[in-house]
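Okay, structure first, notes after.
The values are calculated or read from the model by the stated rules, or taken from the named source; none is laboratory data. Bear in mind that the values here come from a model prediction, so they are computed numbers and not experimental data. So basically every Cβ, Gly included, is an ideal-geometry build from the backbone, and we count neighbours across all protein chains shown.
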Amino acid sequence: MKVVVMGSGRIGAIIVRELVQQGHDVTVMDTSMENLRRISPTLGAKTYLGDGALEDDLRRAGIEQAQAFLAVGQGDARNAFAAQKVRFLFKVPKVVCLLYDPLRQQMYLDIGLSVVSPSKVISSMVLEAMGS
Amino acid sequence: MYIIIVGCGKVGYYLLKALTNAEHEVLAIEQDPLRHAKVVEELGSVALSGDGSEVAVLAEAGANRADVLIAVTGHDEDNLVACQVAKHRFNVKKTIALVNDPSDEPLFKSLGVDVVVSHTNTILAHVEGELSEQSLVHMMPLPRTKLRLVGIHVPPDAEVVGKPLHELVLPTNTLISLVVNRRGQAHIPAPGQLIESFDEIIIASPPEADAELEALFTRVRQ
């Protein structure tokens, strides 16, 4: 499956590695060259220095051929924006969006996006580790 | 009316001033601490510091009782999300957004932002009007309809010059709304009024009527 991943931060880089190992055709885009360096050149993922909020950059990253798009960048608003653009404009069937703010999660679930919010999960892991 | 402005750069700052002067209750939300401090120093406590696309910040701003939210940051993603949060979480009746990238306009509209403003498109419309050979210029869309206002410049040798307005056969769903003559005087169109050369005819019409309208008003007299 052709997958475009926006965001090559710590989370994005792990997702990319995992997807490539599962045999998917992965393109990862990020506006920072530094972030893209997290992707090893020998991994076999394509990297693209570009902005997932811009239509032209999404096209260049191959969004029109993609079956899935993962918006896992640092900023909630950018993730939500890019995810909606890809879902409703490019009609990519599978779109997952990362939102750190759990308050906005429900709203976007209602709109029909798949939203993952790590904040709650991580905070409960921390509390559990503390033994609370 | 209670109005929240998200983004207090140039556009937001002047909106804040203008709307406050118009006796509205207005609050601006600005993320940049320096900009926020400047606004507060100059205009008093009319600005809140924070990210106006966040639920918690909008809650603090009292978005649940806001009548209008205007998002005018330099980032389309923040403008869109601020409007969506306002609409879906706080039931704000009217959301207005600036799009910095004109190609984002259809997306904003399809996602339920009530009014979408693109300065690029606004300036383009003026450039079209000033520079192009085209005599029909798109002025603005009419909200919640498929109609828009167009302006047509009547050339001196047009067939319609000297004809009364009521004799014109207009395309369906089209209304002549205003006639501005070459001396800059505006008239509400009256049936017997004669079309003069260099008139600017302002018409509410659907996009598909453009070609017919342009031909009607600019066809040269044989």
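The set of residues from segment B:56-70 being within 21 Å of A:Ala77 (Cα to Cα) and surrounded by fewer than 21 Cβ atoms within 10 Å (Cβ to Cβ) comprises B:Ala56, B:Val57, B:Ala59, B:Glu60, B:Gly62, B:Asn64, B:Val68.
Would you check which residues across segment B:52-81 are more than 8 Å from chain A (Cβ to nearest Cβ) and under 28 Å from A:Gly52 (Cβ atoms) and list them? Of everything in segment B:52-81, those that are more than 8 Å from chain A (Cβ to nearest Cβ) and under 28 Å from A:Gly52 (Cβ atoms) turn out to be B:Gly52, B:Val57, B:Leu58, B:Ala63, B:Leu69, B:Ile70, B:Ala71, B:Val72, B:Thr73, B:Gly74, B:Asn79.
State the number of residues belonging to segment B:1-53 that are in contact (Cβ under 8 Å) with a residue 24 or more places away in the chain and either assigned to a helix (DSSP H, G or I) or in contact with a Pro (Cβ under 9 Å, 6 or more places away or on another chain) (or both). Result for segment B:1-53: 11. Where strands (runs of 3 or more DSSP E) fall entirely within segment A:1-111, those with at least 3 residues that are within 29 Å of B:Leu58 (Cβ to Cβ) and of a type outside the set (Asp, Glu) are at A:68-71, A:94-98.
Of the listed requirements (1) within 13 Å of the chain's Cα centre (by Cα); (2) surrounded by 20 or more Cβ atoms within 10 Å (Cβ to Cβ); (3) within 24 Å of A:Glu55 (Cα to Cα); (4) more than 10 Å from chain B (Cβ to nearest Cβ), A:Gly75 misses just one: (4). For segment B:91-118, the tally of residues that are among the polar types (S, T, N, Q), within 17 Å of A:Ala53 (Cβ to Cβ) and assigned to a loop (DSSP other than H, G, I, E, B) stands at 1. Before we move on, is B:Arg89 among the basic types (Lys, Arg), in the same structural domain as B:His24 (by TED's automatic domain parsing) and over 19 Å from A:Ile111 (Cα atoms)? Considered against the rule, which asks whether it is among the basic types (Lys, Arg), in the same structural domain as B:His24 (by TED's automatic domain parsing) and over 19 Å from A:Ile111 (Cα atoms), B:Arg89 comes out as no. Selection over segment A:19-45 of residues that are surrounded by fewer than 17 Cβ atoms within 10 Å (Cβ to Cβ) and either of a type in the set (Lys, Arg) or within 14 Å of chain B (Cβ to nearest Cβ) (or both) gives a count of 1. Scanning segment B:169-213 for residues that are in contact with a Ser or Thr (Cβ under 6 Å, 6 or more places away or on another chain) and either farther than 14 Å from B:Arg148 by Cβ or part of a loop (DSSP other than H, G, I, E, B) (or both) gives a single hit, B:Thr174.
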